[in-house]
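Structure record follows, encoded as structure tokens.
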Amino acid sequence: MRCSRIRRCLSEYIDGALDVRTAAMIAEHLAVCAQCCSLCDTLEKTLFLARSWYCEECEPPGWIVRRAYCAVRVHYKAARPGTARRRRKTR
Ligand SMILES: [Zn+2]
């Protein structure tokens, strides 16, 4: 599985919403990919904090979870070397 596909599934992975086979493939990837593992860890903590603001009976609104996930993804994309668009022409 590629990193981009892993990252799209991370919130479902953390929530245990994936089928066993996909979850196992993601777990295997996380064991060998430091960046995805770090992203998963950060997302897990962020979701935990977001959910801790609410009582046990009510889940946080979906938009908060999506925003948290997007913020973590943007942070990691920006921090990853070589992913910034190159605007300078190489001549
Ligand atoms: Zn990865």
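The values are calculated or read from the model by the stated rules, or taken from the named source; none is laboratory data. The model shown is predicted, which means the values in this text are computed figures rather than measured ones. Cβ placement follows ideal geometry from the backbone for every residue including glycine, while neighbour counts extend to all protein chains displayed.
At a glance:
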read-out	value
Selection from the stretch 2-27 of residues that are within 11 Å of the ligand (Cβ to nearest atom) and more than 22 Å from Ile64 (Cβ to Cβ)	Arg2, Cys3, Ser4, Arg5, Ile6, Ile26
Restricting the stretch 28-50 to residues that are of a type outside the set (A, V, I, L, M, F, W, C) and within 23 Å of Arg67 (Cα to Cα), the residue that is nearest to the ligand (Cβ to nearest atom)	Gln35
Helices (runs of 4 or more DSSP H) (entirely within the chain) containing at least 3 residues that are at pLDDT 85 or above and either exposed (fewer than 15 other Cβ atoms within 10 Å of the Cβ) or out of contact with any Asp or Glu (no Cβ under 8 Å at 6 or more places or on another chain) (or both)	3-15, 20-32, 34-52
